[in-house]
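S.K.: A single structure is presented below for examination.
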Amino acid sequence: MSLSILPGMSGTREWVYPQSIRGTFTTLRRWTFLLLHVALFVAPWITVGGQPLLLIDLPHRRLHLVGAIFTPSDTIFLVLLLLFLAFSLFFFTAIFGRIWCGYACPQTVFLESWIRPLEIWIEGDRTRRKRRDAGPLSWDKAWRKVAKWGLFLGVSFLLGMAMTSLFAGARPLWTGRASATSYAFVAVFTAFWYLDFTWFREQFCIYLCPYARFQSALTDDETLLISYDTERGEPRGTKRGPEGGCIACRKCVVVCPQGIDIREGFQLECIQCARCVDACESVMGRFEQPTLVRYSSIAVDEGRNPRPFRPRTLVYGGLLTALTAASVVLLLGRVPFEATVNRAPGSLFTVDADGYVRNTYLVKITNNAESSGPVPYRVAVQGLEGAEVVIPEVTLAPEESRTVPMVVRLRNGSSLKRTIPFTVKVDSPSAELLLPMTFKTDARVGGDE
């Protein structure tokens, strides 16, 4: 059997073996990763007012967020959210470059939090892994690979379950009560992450991720990027440390998860994880010299003063502010229930024996309130003076929906028009909705339209 088909043993691909590193930015990233893991694994289990903290319920077209329920009638919030996320990406990229890739991208978070620690635990440090992979197949090599791939599969399944919990609910999914479709999604997520962890890895960032391709359009000379101080570092030499120059230790190269040399200038493959900054800082610190690899910008490197407030950041910041303000205004005015009123099918109007004109409607009310208890709703009509309204009482539990008939009767008379506009008022203890509707009468009565 050819070893080239086994993950980590291909002779055609130059595999990356990043060395472990400690430092300020590595510690910062670990705290960021911890918070993101808490959001992924804990949020689906938390409830607020009896509702999930976060649940994307696709079959029922509902979004549960912090106890509130959003439905297709709240599409405006989805549009505002997508716009906010897009301009946030533009805004923070313009200022900090690829901060998303290095600190928050799931690809980076999972590789650094799960996969690399497991590799080091089972196969050892960078040098041992490289030497073992380059050598012939042996029992020691085989059992370590099998154990590592087995753990990778377990991690992939765990992440698949956690991600599907956002759509199917944590409790039904983890207790085996979710639908077959939900577990099919678990299988898809598991296969995706397993392929990524065992083989694809940094190639995803290099070949598939579109962010690296269009980020150059979002940055400028004053964007904060990781760069090498060429003026101080060059020419390189093994004895240049006391002078503050590069000693050609290549530590910034061996710690890079993308396998690039930051000393060769900015490259699209760089995810700005700052591992190279920590590596150079650990070396130059021995000589009591500042790091040669650092967060900087083209403007700073050329001796210009950085401008955090410049046209593109002002435009992006202004749009983010406007989107936030619009969202707040709409949220404050949002009604926590839905209601519709339609004329009963096949029924326009009826003239009763007592001379009243009767119209029948169907009122549908859906409770999207955050309260965990039942909510009473009252239905009334406005604009039909003297009308009789017959409608049953409606009390709904959270997420409950009900359609009830509403009969509106109006005394017949010559002053009535054929079509009379009026308003159906649906209110709860916390909000109200006004729905326009029309009342139809006999064409022989009232004359005018």
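The values are calculated or read from the model by the stated rules, or taken from the named source; none is laboratory data. This structure is a prediction, so every number in the text was calculated from the model and none was measured. Cβ: placed from backbone, ideal geometry, glycine included. Neighbour counts: every protein chain shown.
S.K.: Keeping to region 388-406, report how many residues are among the small types (Gly, Ala, Ser) and modelled with pLDDT under 90.
M.R.: Number satisfying all stated conditions: 1.
S.K.: Still on this structure, I have one more. Output the number of residues of region 227-244 satisfying the condition of being of a type in the set (S, T, N, Q) and surrounded by fewer than 19 Cβ atoms within 10 Å (Cβ to Cβ).
M.R.: Pass one, region 227-244, residues of a type in the set (S, T, N, Q): 227, 230, 238.
Still in the list and also surrounded by fewer than 19 Cβ atoms within 10 Å (Cβ to Cβ): 230, 238.
Count: 2.
S.K.: Among Val357, Val328, which is exposed (fewer than 15 other Cβ atoms within 10 Å of the Cβ), on the phi < 0 side of the Ramachandran plot and either β-branched (Val, Ile, Thr) or outside any helix (DSSP H, G or I) (or both)?
M.R.: Val328
S.K.: Residue check, Val283 against (1) under 34 Å from the mean Cα position of the chain (by Cα); (2) surrounded by 15 or more Cβ atoms within 10 Å (Cβ to Cβ); (3) in a helix (DSSP H, G or I), all met but one. Which one?
M.R.: Condition not satisfied by Val283: (1).
S.K.: Can I ask one more? Can you pull out every residue in region 386-413 that is at positive phi and among the acidic types (Asp, Glu)?
M.R.: The answer is Glu399, and nothing else.
S.K.: Which of (1) out of contact with any helix residue (DSSP H, G or I) (no Cβ under 7 Å at 6 or more places or on another chain); (2) without any contact (Cβ under 8 Å) to a residue 60 or more places away in the chain; (3) under 26 Å from Gln215 (Cβ atoms) is the odd one out, the single condition Gly97 does not satisfy?
M.R.: Result: Gly97 passes all but (2).
S.K.: Report the residue count in region 133-142 for those that are part of a helix (DSSP H, G or I) and either modelled with pLDDT of 95 or more or of a type outside the set (Lys, Arg) (or both).
M.R.: Residues meeting the conditions: 5.
The rows are residues; the columns are (1) crowded, with 18+ Cβ neighbours inside 10 Å; (2) out of contact with any strand residue (DSSP E or B) (no Cβ under 9 Å at 6 or more places or on another chain); (3) not assigned by TED's automatic domain parsing to the domain that holds Met161.
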site	(1), (2), (3)
Trp31	no, yes, no
His37	no, yes, no
Val48	no, no, no
Leu65	no, no, no
Phe91	yes, yes, yes
Arg131	no, yes, no
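S.K.: Is region 155-175 home to any residue that is hydroxyl-bearing (Ser, Thr, Tyr), touching a helix residue (DSSP H, G or I) at 6+ places or on another chain (Cβ under 9 Å) and closer than 28 Å to Leu268 by Cβ?
M.R.: Yes: region 155-175 contains one or more residues that are hydroxyl-bearing (Ser, Thr, Tyr), touching a helix residue (DSSP H, G or I) at 6+ places or on another chain (Cβ under 9 Å) and closer than 28 Å to Leu268 by Cβ.
Matching residues to (1) out of contact with any Pro (no Cβ under 6 Å at 6 or more places or on another chain); (2) closer than 30 Å to Leu63 by Cα; (3) not charged (D, E, K, R):
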residue: Phe337; (1), (2), (3): yes, yes, yes
residue: Asp354; (1), (2), (3): yes, no, no
residue: Tyr361; (1), (2), (3): yes, yes, yes
residue: Thr366; (1), (2), (3): yes, yes, yes
residue: Val381; (1), (2), (3): yes, no, yes
residue: Glu388; (1), (2), (3): yes, no, no
residue: Ile391; (1), (2), (3): yes, no, yes
residue: Pro398; (1), (2), (3): yes, yes, yes
residue: Arg402; (1), (2), (3): yes, yes, no
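S.K.: Are any residues in region 355-387 at pLDDT 90 or above and over 26 Å from Thr71 (Cβ atoms), and if so, which ones?
M.R.: Tyr356, Val357, Arg358, Asn359, Thr360, Gly383, Leu384, Ala387
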